[in-house]
Amino acid sequence: MTKKNRWRLMVLLFISLFVGACAPAEQAVKKNPEKTVVAANDETVKIGFSMDTLKEERWLKDQALFKEAVEALGAEVEIVAANGDDALQITQAETLIQQGIDLLVIVPHNAEATAAIVHKAHSAGIKVIAYDRLIKNASIDLYVSFDNERVGELQAEAILELVPKGNYVYIGGATTDNNVHLIKKGVFNVLQPAIDQGDIKVVYDQWTEDWSPEKAFLNMTEALAANNNQIDAVIAANDATAGGVIQALAAQGLAGKIPVAGQDAELAAVQRIVGGTQTMTVYKPIQILTEQVASLAVRMAKGDTITTARAVNNGKVDVPSILLAPIPVTIDNLQDTVIKDGFHTQSDVYGQAAK
Ligand code: GAL
């Protein structure tokens with residue numbers, strides 16, 4: 001082979017390697033469950049999924065749909081859940097790393113404490129994707145979630161339209177979860193002008209440890225007592241806490257009389273919307289999140305470098321990020337959103353009368 005041809009071959013080889021490795025994030029891995037997808041070591045790609053909890057309804061969907069999505073790509077997945085226990089989440093992740101996973105996906109319980117897991121994974125040459133919740137102060141490789149600030153804005157827009165003047169209560173989520181700060185920022189992006197004008201007053205504003213409905217019930221009971229039941233609207237960070245809020249309102253004969261916002265489109269919340277005790281929720285199509293993360297995880301495990309249009313700073317690095325669009329849901333678009341997507345069935349939502 002002439003020197004010239006040898007050079008031409010080298011250049012061609014280089015181009016094909018470079019183009020293959022740096023394809024943009026949206027280029028999905030072809031679904032081929034028949035064929036297993038192999039990592040650099042020729043073994044079937046194995047993804048580890050470390051979840052905070054399965055307590056809220058949505059996480060059961062994340063667990064099932066992520067498993068389905070990874071396996072549909074011909075890869076394997078090992079899923080563990082830490083029941084809100086930081087030490088257990090770290091131990092479980094260590095075990096996944098020792099089991100030889102090719103990539104680790106994490107839903108952190110505690111945004112700060114989980115940084116330790118990232119260091120361990122990277123020391124073992126394993127990349128890390130933060131799923132739905134950001135991990136703080138660690139060099140994570142990718143962050144994929146819904147736009148949580150937009151979640152808060154959608155909640156506040158829906159309630160402000162119904163209650164342009166009056167006393168508001170804000171029931172936030174668990175401060176260990178970075179999402180709660182983004183959601184709250186979104187809520188006040190929308191409410192602040194009305195607050196500054198003196199049209200609305202936030203008379204109670206409290207976080208809810210571990211997103212507990214019981215704690216949300218106690219907070220809302222306290223808010224009602226402290227304001228002589230003079231409350232005109234409530235924004236709760238998710239449907240689980242909104243459920244606790246509505247129980248407290250019901251105890252004062254106010255359920256259905258005061259607009260309440262939630263998030264997650266839980267079945268009980270959608271039934272409450274049909275029954276009139278909850279005003280809206282924010283639907284996040286989990287199917288899209290799981291399919292995107294599964295595709296990206298498998299590609300990264302195979303050595304691909306992912307480029308994204310956005311980055312989010314987590315206190316240490318600008319993390320390449322993908323933020324999906326959340327969808328506001330009221331009684332008016334229930335059919336065209338959660339029912340149409342099969343997130344809930346017609347009979348589940350309308351079958352039983354909402355409490
Ligand atoms: C958040 C998540 C919400 C909510 C909550 C409680 O991080 O984005 O969907 O359910 O956790 O687990």
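The values are calculated or read from the model by the stated rules, or taken from the named source; none is laboratory data. Only a predicted model underlies this, so the values are computations on that prediction, with no experimental measurement involved. Note: ideal-geometry Cβ built from the backbone for every residue, glycine included; neighbour counts use all protein chains shown. Heavy atoms of the whole protein, side chains included, go into the accessibility calculation; ligands, DNA and RNA do not. Shrake-Rupley method; radii C 1.70, N 1.55, O 1.52, S 1.80 Å.
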Checking the structure you have, find out if any residue of segment 143-153 is in contact (Cβ under 8 Å) with a residue 24 or more places away in the chain, over 30 Å from Ala233 (Cβ atoms) and not in a loop (DSSP other than H, G, I, E, B).
yes
The conditions are (1) outside the structural domain of Asp264 (by TED's automatic domain parsing); (2) away from the ligand (no atom under 14 Å from the Cβ); (3) open to solvent by 10 Å² or more (accessible area, probe 1.4 Å), and Val105 fails exactly one of them. Which is it?
(3)
Scanning segment 141-169 for residues that are under 20 Å from Leu96 (Cα atoms) and more than 16 Å from the ligand (Cβ to nearest atom) gives Asp141, Leu142
The lone condition Asn238 fails out of (1) within 14 Å of the ligand (Cβ to nearest atom); (2) touching a helix residue (DSSP H, G or I) at 6+ places or on another chain (Cβ under 6 Å) is (2)
What single numbered condition from (1) touching a Gly at 6+ places or on another chain (Cβ under 9 Å); (2) surrounded by fewer than 24 Cβ atoms within 10 Å (Cβ to Cβ); (3) over 16 Å from Lys55 (Cβ atoms) fails to hold for Lys257?
(1)
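Per-residue answers, yes or no, for (1) of a type outside the set (D, E, K, R); (2) more than 16 Å from the chain's Cα centre (by Cα):
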{"residue": "Arg272", "(1), (2)": "no, yes"}
{"residue": "Pro285", "(1), (2)": "yes, no"}
{"residue": "Glu291", "(1), (2)": "no, no"}
{"residue": "Gly303", "(1), (2)": "yes, yes"}
{"residue": "Thr308", "(1), (2)": "yes, yes"}
{"residue": "Leu324", "(1), (2)": "yes, no"}
{"residue": "Ile327", "(1), (2)": "yes, no"}
{"residue": "Asp332", "(1), (2)": "no, yes"}
{"residue": "Phe343", "(1), (2)": "yes, no"}
Please work out which residue is farthest from Ala265 (Cα to Cα), limiting yourself to segment 41-61 and to residues that are of a type outside the set (Lys, Arg), surrounded by fewer than 22 Cβ atoms within 10 Å (Cβ to Cβ) and under 17 Å from the mean Cα position of the chain (by Cα).
Thr53
Name the residue that is farthest from the ligand (Cβ to nearest atom), counting only residues in segment 256-279 that are farther than 18 Å from Ala237 by Cβ and free of Cβ contacts under 8 Å to residues at least 60 places away in the same chain.
Lys257
